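Working notes for the structure below.
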Amino acid sequence: MSNIVFSVENNIATIRLNRPDSFNSINEELGKEFIAALDECASNDEIKCVILTGTGRAFCAGQDLKEITDASKEPQYDKVLDERYTPITTKITKLEKPIIAAVNGVAAGAGANLALACDIIIATESASFIQAFSAIGLIPDSGGTYNLPRIIGRAKAMAFAMLGDKISAEEAERIGMIYKCYPNDEFEEKIQKVAYRISKMAPIGLALTKRSINASWNNDFDQQMQMERDLQIHCFGTADYREGVQAFVEKRKPTFKGE
Ligand code: T3D
């Protein structure tokens, strides 16, 4: 991979979008490598937590607009969505492992919405989020029309989507669009600390937390109570639950095995 830098260390995978000269915008090659990296994160049991970030000044500026306007290529818009943005967004959402968006700079268009599809969104204070679609006559994709109103409410989602305002990381934290915004010099350390904490937690509990909170977008109360019940009973049956309780009683740190 060259458009993505992929690494796994201490049970933490990092997917680093790596086209800094074009603000990590997504072209065909990067899209394919991104999907391959997400597939590896799903299938590799060694990986307990994933960090998604970018190289350089940007997190991701969405679709590579120069690729789309390349006169030598016939743009295949349906293919771009069906083979790139829809699978990437779906794989992030359905990955049964926590994925942290470490938003190191501007996140625009699909870049903003891929960050919002992640489970924990942490930004550096100089980062920003832009629903850049309206400026070029598009609608928010990559889950934007689904996640944005659910996360920040219809009023702000509609205005941000239509106006394409730049939302600072500080404002994003204030309105509950992201988890935290940290000063630039603390950002890397904070990301590593959160990822480390998660990598030591009980993987089945975290996977089912993600599944049930995501399902709550669509379930009614009774369906959600039923789902909570069933998944909690599954958790009660795990060795990690027994270890967590035992460690509490013995006043020691638990060692979870994902069993
Ligand atoms: O097929 C489909 O299109 C469907 C899929 C759609 C999904 C989408 O994501 S649509 C939305 C696409 N993204 C955008 O519209 C964002 C375009 N970029 C910007 O608005 C601005 O670049 C930013 C707000 C992100 C950053 O602004 P600024 O002033 O800090 O930087 P800049 O000078 O504009 O950009 C820096 C470089 O990155 C520049 O290259 P250069 O001129 O120095 O060689 C610029 O061209 C390049 N760049 C930024 N965004 C893209 C890009 N190159 C290609 N594609 C980009 N999206």
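Consider Lys79 carefully, then state whether it is part of a helix (DSSP H, G or I), within 13 Å of the ligand (Cβ to nearest atom) and open to solvent by 20 Å² or more (accessible area, probe 1.4 Å).
Yes: the conditions hold for Lys79.
Please specify each residue of segment 88-115 satisfying the condition of being in a helix (DSSP H, G or I) and more than 13 Å from the ligand (Cβ to nearest atom).
If the condition is that a residue be in a helix (DSSP H, G or I) and more than 13 Å from the ligand (Cβ to nearest atom), then Thr90, Lys91, Ile92, Thr93, Lys94 are the ones that fit.
Assuming Arg84 fulfils every condition listed in (1) touching a residue at least 12 places away in the same chain (Cβ under 8 Å); (2) more than 10 Å from the ligand (Cβ to nearest atom); (3) of a type in the set (D, E, K, R) apart from one, which condition is it?
(2)
Quick check on my filter: what residues within segment 40-58 are more than 16 Å from the ligand (Cβ to nearest atom) and open to solvent by 10 Å² or more (accessible area, probe 1.4 Å)?
Once the filter is applied, which keeps residues that are more than 16 Å from the ligand (Cβ to nearest atom) and open to solvent by 10 Å² or more (accessible area, probe 1.4 Å), segment 40-58 yields Glu40, Ala42, Ser43, Asn44, Asp45, Glu46, Lys48.
Given the criterion assigned by TED's automatic domain parsing to the domain that holds Glu96, modelled with pLDDT of 95 or more and in a helix (DSSP H, G or I), identify the matching residue among Phe34, Phe59.
Residue meeting the stated conditions: Phe34.
Considering segment 6-31 alone, what residues qualify as being outside any loop (DSSP other than H, G, I, E, B), farther than 21 Å from Ala112 by Cβ and more than 16 Å from the ligand (Cβ to nearest atom)?
Phe6, Ser7, Val8, Glu9, Ile12, Ala13
Quick one: count up the residues across segment 143-159 that are within 13 Å of the ligand (Cβ to nearest atom) and either basic (Lys, Arg) or over 18 Å from Glu171 (Cβ atoms) (or both).
Number satisfying all stated conditions: 2.
Got a sec? Which of Ile88, Ile26 is hydrophobic (A, V, I, L, M, F, W, C), under 25 Å from Ile152 (Cβ atoms), over 12 Å from the mean Cα position of the chain (by Cα) and assigned by TED's automatic domain parsing to the domain that holds Lys180?
After ruling out the rest, the residue left standing is Ile26.
Take Lys166 and tell me if it is at pLDDT 95 or above and either in contact with a Lys or Arg (Cβ under 9 Å, 6 or more places away or on another chain) or more than 20 Å from Ile130 (Cβ to Cβ) (or both).
It is false that Lys166 is at pLDDT 95 or above and either in contact with a Lys or Arg (Cβ under 9 Å, 6 or more places away or on another chain) or more than 20 Å from Ile130 (Cβ to Cβ) (or both).
Can you pull out every residue in segment 59-76 that is within 9 Å of the ligand (Cβ to nearest atom) and open to solvent by less than 100 Å² (accessible area, probe 1.4 Å)?
Cys60, Ala61, Gly62, Gln63, Asp64, Leu65, Glu67, Ile68, Pro75, Gln76
Do you know which residues across segment 193-214 are of a type outside the set (A, V, I, L, M) and either outside any helix (DSSP H, G or I) or surrounded by fewer than 16 Cβ atoms within 10 Å (Cβ to Cβ) (or both)?
Answer for segment 193-214, where residues must be of a type outside the set (A, V, I, L, M) and either outside any helix (DSSP H, G or I) or surrounded by fewer than 16 Cβ atoms within 10 Å (Cβ to Cβ) (or both): Lys193, Tyr196, Arg197, Lys200, Arg211, Asn214.
Just to verify a result, which residue in segment 116-142, among those that are within 7 Å of the ligand (Cβ to nearest atom) and buried (at least 23 other Cβ atoms within 10 Å of the Cβ), is farthest from Tyr85 (Cα to Cα)?
Step by step, filter segment 116-142, then rank; the result is Phe133.
The values are calculated or read from the model by the stated rules, or taken from the named source; none is laboratory data. The shown structure was predicted, so the numbers you read here are calculated from the model rather than taken from an experiment. Cβ coordinates were reconstructed from backbone atoms using ideal geometry, including for glycine residues, and neighbour counts include every protein chain displayed. Remember, those area values only see protein heavy atoms, side chains included, never the ligands or the DNA or RNA. Shrake-Rupley method; radii C 1.70, N 1.55, O 1.52, S 1.80 Å.
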